[in-house]
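Single-structure report; data block below.
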Amino acid sequence: MLVHGFTDFAYGWRGVAERLAPHARVIAPDLRGHGDSDRIGAGGYYHFFDYVADLDDVIAQLVPGRFVLAGHSMGGTVATYWAGTRPERPAALALLEGLGPPDLAGGDGPARTAQWIAQWRTTAHAPKVMPTVDVAAARLRAKDPLLDEALARELAEHGTRRVEGGVVWKHDPLHLTMGPYPYRLDTAIKYWTRITCPVLMVDGADSRLNLPIEERAARRAHFADHRHVILERCGHAIPRHQPARLAELLGELATQAVPGR
């Protein structure tokens, strides 16, 4: 099971999934409000644990036994919350720069609530229109210098939909608002310490969106059984930058964790 990150979508795993598919069943869902999944209705919001409940439902419907769960970035946080809630289900876990954002404990309260309400009220579900897919691809490359031109174009084609005047990203722009509840490290640790399966943790050597080295090491220490790997020539978008090496690592993890699969 491959879980994508924030404002990404399942197709972003294509290079990894195609390499794993000859050896195992591969499932890559679009999280709610991302890719081709439905958006939340009028008056609703994307509370973080909605993703966890959705993942639990997908797994209940499609995965009868134990399996390997991989999460990239925000998808890694979703995966750890789920694995800590259902520690008996995963045979192994892979976190690709998925140990969460900086701790924001103390960042809640009336000011944050007021800001959330203001953004929620004023943010339209209709996203900004880009004139062409090429413009969308250029925006992807501007944010990710390691993304080659051909893959950027492919991701832009699959990650947008046509509207009057051009194309828009498939994810709901409501995701870009600040949620009412800040990320709390003390809460995350309660889930991490319940995870008993082997955990593979992968970082990109050239990532510009990761936590400081010391903070990553401190967070890894809360997992009972973990292995840490750093991939060279790789930024935060690990499934895009090093799909072959990542597929190899996930295949090895599956072989070790699910004998006779």
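In segment 170-179, of all residues being surrounded by fewer than 17 Cβ atoms within 10 Å (Cβ to Cβ) and hydrophobic (A, V, I, L, M, F, W, C), the one that is nearest to residue 132 (Cα to Cα) corresponds to 176.
Might you let me know whether segment 180-187 holds any residue that is touching a helix residue (DSSP H, G or I) at 6+ places or on another chain (Cβ under 6 Å), farther than 22 Å from residue 68 by Cβ and either of a type outside the set (D, E, K, R) or buried (at least 16 other Cβ atoms within 10 Å of the Cβ) (or both)? Within segment 180-187, one or more residues are touching a helix residue (DSSP H, G or I) at 6+ places or on another chain (Cβ under 6 Å), farther than 22 Å from residue 68 by Cβ and either of a type outside the set (D, E, K, R) or buried (at least 16 other Cβ atoms within 10 Å of the Cβ) (or both). Scanning segment 1-28 for residues that are crowded, with 21+ Cβ neighbours inside 10 Å and not hydrophobic (A, V, I, L, M, F, W, C) turns up 4, 5, 8, 12.
Within segment 142-152, being surrounded by fewer than 17 Cβ atoms within 10 Å (Cβ to Cβ) and of a type in the set (D, E, K, R) holds for 143, 148, 149.
Of all residues in segment 199-215, none are at pLDDT 95 or above, surrounded by fewer than 14 Cβ atoms within 10 Å (Cβ to Cβ) and touching a helix residue (DSSP H, G or I) at 6+ places or on another chain (Cβ under 8 Å). Among the residues of segment 162-169, is there at least one that is modelled with pLDDT of 95 or more, under 22 Å from the mean Cα position of the chain (by Cα), over 20 Å from residue 234 (Cβ atoms) and surrounded by 15 or more Cβ atoms within 10 Å (Cβ to Cβ)? Yes, segment 162-169 has at least one match. Filtered by the rule that a residue be assigned to a helix (DSSP H, G or I) and of a type outside the set (Phe, Trp, Tyr), segment 10-36 gives 10, 12, 14, 15, 16, 17, 18, 19, 20.
For segment 223-244, check the following and say yes or no: at least one residue is in contact with a Pro (Cβ under 7 Å, 6 or more places away or on another chain) and farther than 18 Å from residue 72 by Cβ. Scanning segment 223-244 turns up at least one residue that is in contact with a Pro (Cβ under 7 Å, 6 or more places away or on another chain) and farther than 18 Å from residue 72 by Cβ. In segment 72-92, is there at least one residue being touching a Lys or Arg at 6+ places or on another chain (Cβ under 6 Å), in a helix (DSSP H, G or I) and surrounded by 14 or more Cβ atoms within 10 Å (Cβ to Cβ)? So far as segment 72-92 goes, yes, one or more of its residues are touching a Lys or Arg at 6+ places or on another chain (Cβ under 6 Å), in a helix (DSSP H, G or I) and surrounded by 14 or more Cβ atoms within 10 Å (Cβ to Cβ). In the set (1) crowded, with 17+ Cβ neighbours inside 10 Å; (2) in a helix (DSSP H, G or I), residue 139 fails one condition alone, (1). Residues being surrounded by 20 or more Cβ atoms within 10 Å (Cβ to Cβ) and free of Cβ contacts under 8 Å to residues at least 60 places away in the same chain are entirely absent from segment 225-241.
Of the residues examined, residue 70 is one that is modelled with pLDDT of 95 or more and under 14 Å from the mean Cα position of the chain (by Cα). Could you grab me the full set of residues in segment 66-95 that are without any contact (Cβ under 8 Å) to a residue 60 or more places away in the chain and in contact with a Leu (Cβ under 6 Å, 6 or more places away or on another chain)? 82, the sole residue that qualifies. Does segment 57-81 hold any residues that are within 18 Å of residue 185 (Cβ to Cβ) and of a type in the set (A, V, I, L, M, F, W, C), and which are they? 74, 78, 79 - these are the residues of segment 57-81 that are within 18 Å of residue 185 (Cβ to Cβ) and of a type in the set (A, V, I, L, M, F, W, C).
The values are calculated or read from the model by the stated rules, or taken from the named source; none is laboratory data. As the structure is a prediction and not an experimental result, all values here were calculated from the model. Cβ coordinates were reconstructed from backbone atoms using ideal geometry, including for glycine residues, and neighbour counts include every protein chain displayed.
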